[in-house]
1. Can you go through A216, A228 and tell me which one is farther than 30 Å from G70 by Cβ, aliphatic (A, V, I, L, M), at pLDDT below 70 and not assigned by TED's automatic domain parsing to the domain that holds F89?
2. With the structure loaded, tell me whether V107 is on the phi < 0 side of the Ramachandran plot, in a helix (DSSP H, G or I), in contact with a helix residue (DSSP H, G or I) (Cβ under 7 Å, 6 or more places away or on another chain) and at pLDDT 90 or above or whether it fails that test.
3. Condition (residue is at pLDDT below 85, in contact with a helix residue (DSSP H, G or I) (Cβ under 7 Å, 6 or more places away or on another chain) and over 22 Å from L171 (Cβ atoms)) applied to the range 63-82: is it met by at least one residue?
4. So which residues in the range 161-183 are at pLDDT below 85 and buried (at least 23 other Cβ atoms within 10 Å of the Cβ)?
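The values are calculated or read from the model by the stated rules, or taken from the named source; none is laboratory data. Since this is a predicted model, take the numbers as computed values, not measurements. Virtual Cβ from ideal backbone geometry, glycine too; neighbours counted across all protein chains shown.
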Amino acid sequence: MRDFLSGLLRDAWRAVRAWSWGRRLAVIAALACFCAITLWAEVPGLSTLRQWAEHTGAWFPVLFWFLYVGITQFPIPRTLLTLASGVLFGPWWGVALALSATTASAVVSLLLVRGLLGEWIRPRLRHPAVAGLSERLAQRGWLAVGSLRLIAGIPFSVLNYAAALSPVPALPFALATAVGSAPGTLAVVLLGDSLTGTPNSSLIAVMVCLAAVGVAGLVADRRLPVRAGGG
């Protein structure tokens, strides 16, 4: 899996090297500004960030939702964004925002790859690190999507790309993503909420229960018969 992701990064680097000097300088300037702001700006505490988010109005959750969907189109772990959902919006709104954005992001990736990037990503999914994943999706379809979302070993974006080249329809894919991503999303959002100082004594119990759900899903996926067509 590491080799597969490294290959994607190498392709991206080659694309960047083909940029004009003007585009390179613009990106370097933007990165320099970001680093300067990060280093010299005063970083508020997490509880202060929560209070700020609560007073920004309805536009901020909407903006955060779209940023979540956009950023997770790339092979970037979504854990930090999910954690930020708990920090900024608390447990209930945090779970709603993170889980709906996760599902929307997965569907957008599915449609983009199928419509625009299929020929580019197809040969990369023959890499030994993900060949078994592609075969499993082709055999089990949405059931494999749901069970694989329950485990942290499969990167979110890689599973989206592989599913896009499988026969699984978009609606079952979306539902399986929502159900399979719910346990991990809930756990990370609750963790983010607890970092603001909000007492949450049930966090450990919830994580244990979610781990049990994940194991049960994997066992069910392994024992149920394989259906041809993967729908």
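1. Selected residue: A228, the only one of A216, A228 that is farther than 30 Å from G70 by Cβ, aliphatic (A, V, I, L, M), at pLDDT below 70 and not assigned by TED's automatic domain parsing to the domain that holds F89.
2. Considered against the rule, which asks whether it is on the phi < 0 side of the Ramachandran plot, in a helix (DSSP H, G or I), in contact with a helix residue (DSSP H, G or I) (Cβ under 7 Å, 6 or more places away or on another chain) and at pLDDT 90 or above, V107 comes out as yes.
3. Scanning the range 63-82 turns up at least one residue that is at pLDDT below 85, in contact with a helix residue (DSSP H, G or I) (Cβ under 7 Å, 6 or more places away or on another chain) and over 22 Å from L171 (Cβ atoms).
4. Y161, A162, A163, A164, S166, V168
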